[in-house]
Structures are given as structure tokens and as C-alpha cells.
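The values are calculated or read from the model by the stated rules, or taken from the named source; none is laboratory data. Just so it is clear, the model here is predicted, and its values are computed rather than measured. Because the Cβ atoms are built from the backbone with ideal geometry, glycine has one as well, and the counts that use them run over all protein chains shown.
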Amino acid sequence: MINKEELFYDCIILGSGPAGFSASIYAARAGLKTAIIDINMFGGQPSNYLEIENYPGFSLINGFELMEKFEQHSDKFGVCKFPMVEINNINLSNPLKEIETSDKIFKSKTLIIATGAKPKKLNIKGENEFQSRGVSYCAICDGAFYKDKVVAVIGGGNSALEEALYLTKFAKKVYIIHRREGLRAEKLVCERASVNPKLEFILCAIPIEIKGTNKVEKLILNDLNTNTIKEIEVDGVFPYIGLSPNTDGFNAQLKQNQNGFIETDVNMQTSQEGVFAAGDVRNTPLRQVITAASDGAIAANSASKYIETHDSLFKSELKA
Ligand code: NAP
């Protein structure tokens, strides 16, 4: 049996997007021994955003660049960093929360979950089969492969419209397929999309199948107005139909809403003592860089107060 290295912290943050880095800055500045752990490279979802123009102080900034600034800021306060960690087990029930990897056991007085969310799937025939062969969830990663091609973006939110606009830099035509008449995206983004000559909206339609031989060739739609089946020829399909929370590893241990987002109170306290959640992973009315960063600050402040008031609990745990 391997003797695993035990590492002790006051505050461990899971996830390194805006919520995670913001929490790390506030926790470290509050004097907590802080670590930030991610199963991926650092930066979270915004690292894939080409342009962010609603984070105050930056009228236009590339998402990757903004997240680099978050990380550099966190580094300044000596936060311990563990990117690309494969987590085997998470135990939230004891006073010291535990995160176990193949060779380490991280133990912490408090845990802030800032693991964000991932793109939701359409769950239609052909979606899995053609993933990376025409089905993509990242226009910035794959857009350049569609030079002079025809692609379809699914969804009517900010992500769908912004990514569709981005794809017009490469593709000769971009369909936006949305299931109803009204769009969900912000007015400014809708206005930009409505004047782009390469964009064509297909409203009140839902995709029911993606077809092709070796790669995507056709998207089959159900026209909801006429209840008829329609076929469009496309080289790529980009679903942007919202997010589902990254809660693997602690799903059964915390109270979640019907869509799986973690329930918190205004202090970012979850249903488990000493465990806080911040950013897109929690049940929140707005998922933006600024709201995630704000959540992170509140969660770290709550973690600091929790340690102050539960000191005796940890003394006995650390002696045992
Ligand atoms: P979203 O706002 O939840 O929009 C999802 C869209 O997909 C909606 O239009 C929804 O239709 C549609 N949809 C959902 N399930 C579907 C299905 N099964 N089939 C077909 N269509 C479906 O998601 P998002 O655009 O990914 O944005 C997520 C969050 O990130 C939002 O809070 C958004 O504001 C934020 N965001 C912000 C920025 C920015 O500020 N720069 C950029 C990107 C995202 P309905 O409208 O009918 O529900």
C-alpha cells in the first residue's frame, strides 16, 4: 500500500476560474493557508472566451488574458497551486475535508467549491458519434477548421450568439437554430447578430438528428410551427444550449437544485458545514465573470469566519 503524503490547509479551493482565483486572493489575504486545485489547466471557462467586454475596468479583454491576470494576482499572495490533479475521492463529512489523489491526501478546515459548469448536450442521434468530426462545443478551439464552410449553432443565449458571431470570421454561412421566437441573449449581442450578413436565424426549430458518413453533413430539424421535418446541409454543429454543473465527486454530499446546481445561502454556505460554493456551480441567477468573482470573495470571507468560530473542532481533529 502506498503511503500517501498528507497536506494540511486552512482553505482549499476546487476550481480555478474567476470564482476560484478570487476566493484564493481573499482567503490568502485573510491569512489562511490556501491551496487551489483543478483537474484541468488553470483558468476555467473564461479562458475559452475570445472577448469579454463586461468585466469592469476592461472594456475589451481576451478571456485567457483576463484569467492569466487573475492567476498572477493570486500568485502574489503565495497561494499553493495544483493544476491537472486527478482526484480519486472527496470526503466532506468530517471537520477536516479530504481530497484524495493517487499519491496525496489534501486535508482542509474549509473547502470552497468553484468547479464551474460545462456545456449541456443536445442528447440527439449523431451528437456523440460525430464529436470532433463536425460536432464541437468550442468555437474558439475549432472555428478555424470551418473556413468557407457552413455551420449551425444551436441556442438563443449569449454563448450561442457570441460564438456564432465568432464563427462568421471563418465560415461562409452560420445558421442559428433556436427553439422559440424570442432570443435569450443580451440586447446588444442580438443587435450585432441581426446585422451580420453571414448569419441566418432559424427560429422555432429544434435539432433532432445529426447525419453524415465520416463527418457531419446534415442537421435534421423539427419545425415547431408546422410540425414538419426539415434538413439543412452543414459541415459543423456547435451546440450552445446552456450549462450543467461540475459536481462529480460530491454529488451525493451536498444539497442541489433540480438541475444539479449547488444550493447555498447568501454567505455561499452549502448544506455541509465548512463547505462553501461559488460561481457557476451554484444555484445563482447570473453566470458572469463578475458574479463568480464576487461569489469567490464572499465564500473566502465566510470560510475565514468559520475557522475563527470552529477553532476547537480542528484542534481535536489535528491531535487525533
Ligand atoms: P443560456 O443563457 O442558458 O441559454 C441557453 C439557450 O439554449 C437558450 O436560448 C435555451 O432556449 C436554449 N436551449 C436550452 N436547452 C435546449 C435544448 N435542449 N434544445 C434547444 N435549445 C435549448 O446558456 P448560455 O448561453 O450558455 O449562457 C450561460 C450563462 O453564461 C448565462 O448566464 C449567460 O449570460 C452567461 N454568458 C455570458 C457571456 C458574456 O457576458 N460575455 C457569454 C456567454 C455566456 P430558451 O431561451 O428557450 O430557454
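Give me the pairs, please: first residue somewhere in the stretch 108-125 and outside the structural domain of Ser159 (by TED's automatic domain parsing), second residue anywhere and at pLDDT below 95 and more than 16 Å from the ligand (Cβ to nearest atom), beta-carbon distance under 6 Å, and either six or more positions apart or on two chains.
Lys109/Phe314
Quick one: which residue in Leu219, Leu183 is touching a residue at least 60 places away in the same chain (Cβ under 8 Å), buried (at least 18 other Cβ atoms within 10 Å of the Cβ) and not assigned by TED's automatic domain parsing to the domain that holds Asn48?
Values: Leu183 fails: touching a residue at least 60 places away in the same chain (Cβ under 8 Å).
Result: Leu219 is the single residue among Leu219, Leu183 that is touching a residue at least 60 places away in the same chain (Cβ under 8 Å), buried (at least 18 other Cβ atoms within 10 Å of the Cβ) and not assigned by TED's automatic domain parsing to the domain that holds Asn48.
Does Thr291 satisfy the condition of being within 12 Å of the ligand (Cβ to nearest atom), of a type in the set (S, T, N, Q) and assigned to a helix (DSSP H, G or I)?
So Thr291 fits the description; yes.
State whether one or more residues within the stretch 73-87 are more than 18 Å from Ala300 (Cβ to Cβ), free of Cβ contacts under 8 Å to residues at least 40 places away in the same chain and not in a strand (DSSP E or B).
no
State which residue is farthest from the chain's Cα centre (by Cα) when the search covers only the stretch 128-148 and only residues that are surrounded by fewer than 17 Cβ atoms within 10 Å (Cβ to Cβ) and among the charged types (D, E, K, R).
Among those that are surrounded by fewer than 17 Cβ atoms within 10 Å (Cβ to Cβ) and among the charged types (D, E, K, R), it is Asp148.
Among the numbered criteria (1) within 13 Å of the ligand (Cβ to nearest atom); (2) assigned by TED's automatic domain parsing to the domain that holds Ser132, which single criterion is violated by Asn225?
With (1) within 13 Å of the ligand (Cβ to nearest atom); (2) assigned by TED's automatic domain parsing to the domain that holds Ser132 applied to Asn225, the lone miss is (1).
How many residues does the stretch 92-126 contain that are more than 16 Å from the ligand (Cβ to nearest atom) and either of a type outside the set (D, E, K, R) or in a loop (DSSP other than H, G, I, E, B) (or both)? Show your work before the answer.
Restricting attention to the stretch 92-126, the residues satisfying the condition of being more than 16 Å from the ligand (Cβ to nearest atom) are 92-113.
Filter again for either of a type outside the set (D, E, K, R) or in a loop (DSSP other than H, G, I, E, B) (or both), leaving 92-96, 99, 101-103, 105-106, 108, 110-113.
Qualifying residue count, the stretch 92-126: 16.
Of the residues Lys211, Lys218, Lys255, only one is within 30 Å of Lys109 (Cα to Cα), among the charged types (D, E, K, R) and away from the ligand (no atom under 16 Å from the Cβ); which?
Lys255
Looking at Arg133 and the list (1) part of a strand (DSSP E or B); (2) not assigned by TED's automatic domain parsing to the domain that holds Ala28, which single condition is not satisfied?
So the condition that Arg133 fails would be (1).
Could you check how many residues of the stretch 23-66 are assigned to a loop (DSSP other than H, G, I, E, B) and within 17 Å of the chain's Cα centre (by Cα)?
Number satisfying all stated conditions: 11.
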